[in-house]
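> Take a look at the following structure, please.
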Amino acid sequence: MSNISISEELLSLGAKLSMDEPMKLHTSFRIGGAADIWCEARDIKILSDVIKTCKARGIPYFVIGQGTNLLVSDKGIRGVVIKLCGDFDEIEALGENRIRCGAGATLAAVCRFAQANSLGGLEFAWGIPGSVGGGVYMNAGAYGGEIKDVVQTTRYLDDEGNICEISGKKHDFAHRRSFFTDKNFVILDTVMELYPRNKNEIFFVMQDTMEKRKAKQPLNRPSAGSVFKRPDGFYAAALIEQCGLKGSSVGDAQVSEKHSGFIVNNGKASAEDVKELIRRVQQCVKEKTGVELECEVKFVGE
């Protein structure tokens with residue numbers, strides 16, 4: 001089936017589409033070739049219908065949030081890239097210190113909402129880029145806090161398009177992992193349980209957290225955050241620096257001189273530049289320290 005035929009079918013479902021959409025516009029790395037079809041789904045019905053249509057037609061699809069932990073191929077992504085928007089961006093107070101957050105809502109927006117409603121517990125997440133869905137998927141965390149500390153229940157679409165829900169320990173949270181890791185499920189929304197706290201106190205903690213980020217992280221350059229998972233008993237950035245790799249580069253991709261755990265795009269880095277730099281860092285660290293660094297960034301595309 002041609003891209004034009006499938007696009008007409010998806011449009012009839014209520015989705016908003018564009019063709020040959022540059023993925024560098026939708027990733028924090030600012031890297032990536034074009035997606036054949038960029039599809040915006042504003043509610044669960046449209047999302048479910050789009051996915052069912054793609055499956056029935058044998059067309060690959062990929063659901064994206066804020067694109068903060070992705071490295072998209074220079075050749076782009078074949079098939080349909082589905083962006084969650086509309087209802088998925090909504091945040092609402094449920095009472096009893098709970099809030100429901102759509103999977104497409106940014107963690108920054110959720111932090112602001114919690115602060116405005118005098119709800120503490122999310123201060124650690126202020127400044128973490130990305131969406132709620134991505135945060136739950138990888139149990140995002142920083143400064144002593146993790147998403148697992150606040151998540152109560154999560155709704156998702158399973159492989160058959162059924163709306164399912166899990167709660168509590170069934171999330172199977174671990175360091176940068178969850179029940180959803182390596183599954184083809186789509187997170188829809190999550191309910192977080194917070195606690196009452198003075199909004200001014202929350203503001204000052206958030207402000208302090210952001211100052212720490214600015215001091216330690218290269219926020220002025222496009223990146224995908226920490227590139228490597230923390231190996232048991234070590235810190236990836238320390239190992240990389242120990243091996244003399246701080247500031248090393250391939251093309252316009254560079255191991256940040258501010259934080260060795262980040263790879264930054266200095267302007268025109270390609271996905272291949274980043275992948276080769278990751279390979280060199282892994283190889284060097286393995287040879288000099290015996291530690292294998294596992295990549296945290298997800299590679300997608302052709």
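Since every read-out is calculated from the coordinates, none of them should be taken as a lab result. Computed from a predicted structure; not experimentally measured. Neighbour counts run over all protein chains shown; Cβ positions are idealised from the backbone, glycine included.
> Step through the table entries K148/K183; K169/K258; K16/K275; K75/K298; K83/K268; K83/K212, compare each Cα-Cα distance with 27 Å, and write down the pairs that go over it.
Beyond 27 Å between Cα atoms: K169/K258; K16/K275; K83/K212.
> Among C295, C111, which comes first, then next, by fewest other beta-carbon atoms within 10 Å? Intermediate results must be reported in sequence, preceding the final value.
Details: C295 15, C111 21.
Exposure proxy ranking, most exposed first: C295, C111.
> Shifting gears a bit: Can you give the translational diffusion coefficient of the stretch 3-87 in µm²/s, computed by Stokes-Einstein from the Kirkwood radius over Cα pairs at 25 °C and 0.890 mPa s?
This corresponds to a translational diffusion coefficient of 193 µm²/s.
> Then there is this: Whose amide H sits under 5 Å from the amide H of R197, counting only residues 5 or more places off or on another chain, with H placed in the peptide plane?
L119, G120
> How many Å³ per residue does the convex hull of the Cα positions in the chain occupy? Mind dumping the intermediate values first?
On the way: hull volume 38.5 nm³, N = 302.
Taking the convex hull of the Cα positions in the chain, it is 127 Å³ per residue.
> Once amide H atoms are built 1.01 Å from N in the peptide plane, which residues 5 or more positions from D189, or in another chain, come under 5 Å H to H?
Excluding prolines and chain starts, which carry no amide H, the hits are A103, R155.
> How big is the gap, in Å, between the Cα center of the stretch 153-213 and the Cα center of the stretch 10-63?
About 24 Å separates the Cα centre of the stretch 153-213 from the one of the stretch 10-63.
> What value, in deg cm²/dmol to 500, does the helix sum -39500 (n - 2.57) over DSSP H runs of n ≥ 4 give at 222 nm once divided by the residues of the chain? Don't skip to the end; give the middle numbers.
Values: 7 runs with 84 residues, N = 302.
When only DSSP H runs of four or more count, the value is -8500 deg cm²/dmol.
> Determine, for F179, F203, the number of other Cβ atoms within 10 Å of each Cβ, and report the residues in order from fewest to most. If you can, show how the numbers build up before the last one.
Numbers: F179 18, F203 15.
So the residues, fewest neighbours to most, are F203, F179.
> For the residues Y195, Y61, Y235, what sequence is obtained by ranking on other C-beta atoms within 10 Å, fewest first? Mind dumping the intermediate values first?
Values: Y195 10, Y61 18, Y235 14.
Least to most surrounded, the residues fall as Y195, Y235, Y61.
> Okay, next question. So who's got an amide H within less than 5 Å of the one on G32, skipping anything under 5 residues away but keeping other chains? H placed 1.01 Å off N, in plane.
K24, A271
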